[in-house]
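Q: Before anything else, here's the structure in question.
The values are calculated or read from the model by the stated rules, or taken from the named source; none is laboratory data. Bear in mind that the values here come from a model prediction, so they are computed numbers and not experimental data. Counting neighbours? That spans all protein chains shown, and the Cβs are built from the backbone with ideal geometry, glycine included. Ligands, DNA and RNA are stripped out before the accessible areas are found, and what is left, the full protein with its side chains, is counted by its heavy atoms. Shrake-Rupley method; radii C 1.70, N 1.55, O 1.52, S 1.80 Å.
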Amino acid sequence: MTEMGEARTRRERLRAGTVEEIKQAALGLIAEHGSANLRFTDIARSLGMTAPALYRYFADRDELLTALVADSYDSLSEALRATRATVTPDDLDGRFHAACASYRAWAQQHPERFALIFGSPVPGYAAPVDGPTTAAGLRVKEHMLELVADTAERGRLGTPLVPDAVEATMLAWATVHGFVTLEAHGHFSALDQETRDRLFTVQAGLAARTAGLATPAELS
């Protein structure tokens, strides 16, 4: 590699490192103050930079938010994929419940990211049409669709509560998401952890039945 090429690579690594620092600083501020109050001046101050310096990395706040939303979807998608890989492909019911548990665990581990992609819309921000957030969001939805499709291909899919398979799968996702969202917002704080875990298992079972997947023993 030439000296010019090595210098370019170093610059690229430095730039990528700074971009990641900016993202992490933004997520920290979102966790503290919410996404609606995210400002370049606060990010720059937390990093010891000037606000104009941030414009070398992101054109504006919306571009930064778009990157954060896409990253958050990708983080969730990777968590789901990694969890699914720990369950044998033939254990279709186990894979579905593992995916549901992974969804819940990710929301608990990354509350600022969960709020960013599933919380209240950020005032004045609109994700670009057919942009990176759209593609990343679709990858998350595809996980559950793939699980249902795989079950159908193996001839083990039951009758969903909604005739259309895609609609039934989305309804199943909404069933799990509703529980996770209420929990994330503290609405189950009066319940101990064991009770919340038990209720989530039942909720995941309801989602499985909605999509036509095997019903767990708790609902038999």
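Q: Checking Arg156 against (1) open to solvent by 30 Å² or more (accessible area, probe 1.4 Å); (2) within 22 Å of Pro111 (Cα to Cα), which test does it fail?
A: With (1) open to solvent by 30 Å² or more (accessible area, probe 1.4 Å); (2) within 22 Å of Pro111 (Cα to Cα) applied to Arg156, the lone miss is (2).
Q: Further, regarding this structure: Select, from Thr133, Thr159, Thr83, the only residue that is assigned to a helix (DSSP H, G or I) and in contact (Cβ under 8 Å) with a residue 24 or more places away in the chain.
A: Values: Thr159 fails: assigned to a helix (DSSP H, G or I); Thr83 fails: in contact (Cβ under 8 Å) with a residue 24 or more places away in the chain.
Among Thr133, Thr159, Thr83, only Thr133 is assigned to a helix (DSSP H, G or I) and in contact (Cβ under 8 Å) with a residue 24 or more places away in the chain.
Q: Of the numbered conditions (1) surrounded by 20 or more Cβ atoms within 10 Å (Cβ to Cβ); (2) at pLDDT 90 or above, Met144 fails exactly one; give the number of that condition.
A: (2)
Q: What number goes with the only condition from (1) over 18 Å from Asp93 (Cα atoms); (2) open to solvent by 70 Å² or more (accessible area, probe 1.4 Å); (3) not aliphatic (A, V, I, L, M) that Gly178 does not pass?
A: The one condition Gly178 does not meet is (2).
Q: Can you name the residue in the stretch 202-220 that is among the β-branched types (Val, Ile, Thr) and surrounded by fewer than 17 Cβ atoms within 10 Å (Cβ to Cβ) and, of all such residues, is modelled with the lowest pLDDT?
A: Filtering the stretch 202-220 for residues among the β-branched types (Val, Ile, Thr) gives 202, 210, 215.
Okay, now just the ones that are also surrounded by fewer than 17 Cβ atoms within 10 Å (Cβ to Cβ), so 202, 215.
On the way: Val202: 94, Thr215: 51.
Residue satisfying both the conditions and the ranking: Thr215.
Q: In the stretch 53-80, which residues are among the small types (Gly, Ala, Ser) and in contact (Cβ under 8 Å) with a residue 12 or more places away in the chain?
A: Taking the stretch 53-80 and keeping what is among the small types (Gly, Ala, Ser), we get 53, 59, 67, 70, 72, 75, 77, 79.
Correct list: Ala67, Ala70, Ser72, Ser75, Ser77, Ala79.
This table checks each residue for (1) open to solvent by 80 Å² or more (accessible area, probe 1.4 Å); (2) at pLDDT below 90; (3) of a type in the set (Phe, Trp, Tyr).
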{"residue": "Thr88", "(1), (2), (3)": "yes, no, no"}
{"residue": "Asp93", "(1), (2), (3)": "no, yes, no"}
{"residue": "Trp106", "(1), (2), (3)": "no, no, yes"}
{"residue": "Pro111", "(1), (2), (3)": "no, no, no"}
{"residue": "Ile117", "(1), (2), (3)": "no, no, no"}
{"residue": "Ala127", "(1), (2), (3)": "no, yes, no"}
{"residue": "Gly131", "(1), (2), (3)": "no, yes, no"}
{"residue": "Ala184", "(1), (2), (3)": "no, no, no"}
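Q: Let me ask something additional. With respect to Asp74, is the statement that it is assigned to a helix (DSSP H, G or I), open to solvent by 20 Å² or more (accessible area, probe 1.4 Å) and of a type outside the set (Gly, Ala, Ser) true? Step through it out loud before you land on a result.
A: Numbers: assigned to a helix (DSSP H, G or I): yes; open to solvent by 20 Å² or more (accessible area, probe 1.4 Å): yes; of a type outside the set (Gly, Ala, Ser): yes.
Judged against the criteria, Asp74 is a match.
Listed here are the residues, each with its yes/no results for (1) farther than 30 Å from Thr210 by Cα; (2) among the hydrophobic types (A, V, I, L, M, F, W, C); (3) under 18 Å from the mean Cα position of the chain (by Cα).
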| site | (1), (2), (3) |
| --- | --- |
| Leu54 | yes, yes, no |
| Thr66 | yes, no, yes |
| Ser77 | no, no, yes |
| Ala105 | no, yes, yes |
| Gln108 | no, no, yes |
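Q: Within the stretch 45-63, is even one residue of a type in the set (Val, Ile, Thr) and surrounded by 13 or more Cβ atoms within 10 Å (Cβ to Cβ)?
A: Our first condition is that a residue be of a type in the set (Val, Ile, Thr); within the stretch 45-63, this holds for 50.
Cutting the leftovers down to surrounded by 13 or more Cβ atoms within 10 Å (Cβ to Cβ) gives us none.
There is no residue in the stretch 45-63 that is of a type in the set (Val, Ile, Thr) and surrounded by 13 or more Cβ atoms within 10 Å (Cβ to Cβ).
Q: State yes or no: is Ala149 open to solvent by 50 Å² or more (accessible area, probe 1.4 Å), of a type outside the set (Val, Ile, Thr) and in a helix (DSSP H, G or I)? Break it down stepwise before answering.
A: On the way: open to solvent by 50 Å² or more (accessible area, probe 1.4 Å): no; of a type outside the set (Val, Ile, Thr): yes; in a helix (DSSP H, G or I): yes.
Spelling it out, it is not the case that Ala149 is open to solvent by 50 Å² or more (accessible area, probe 1.4 Å), of a type outside the set (Val, Ile, Thr) and in a helix (DSSP H, G or I).
Q: I need every pair where a residue in the stretch 185-202 that is under 22 Å from Phe114 (Cα atoms) and part of a helix (DSSP H, G or I) has its Cβ under 7 Å from the Cβ of a residue that is of a type in the set (Gly, Ala, Ser) and open to solvent by 90 Å² or more (accessible area, probe 1.4 Å), sequence separation at least 6 or different chains.
A: Between residues of the stretch 185-202 that are under 22 Å from Phe114 (Cα atoms) and part of a helix (DSSP H, G or I) and residues that are of a type in the set (Gly, Ala, Ser) and open to solvent by 90 Å² or more (accessible area, probe 1.4 Å), there is no close pair.
Q: Another question, then. Pick from Gly17, Gly5, Gly28: which is open to solvent by less than 40 Å² (accessible area, probe 1.4 Å) and modelled with pLDDT under 90?
A: Numbers: Gly17 fails: modelled with pLDDT under 90; Gly28 fails: modelled with pLDDT under 90.
On inspection, the qualifying residue turns out to be Gly5.
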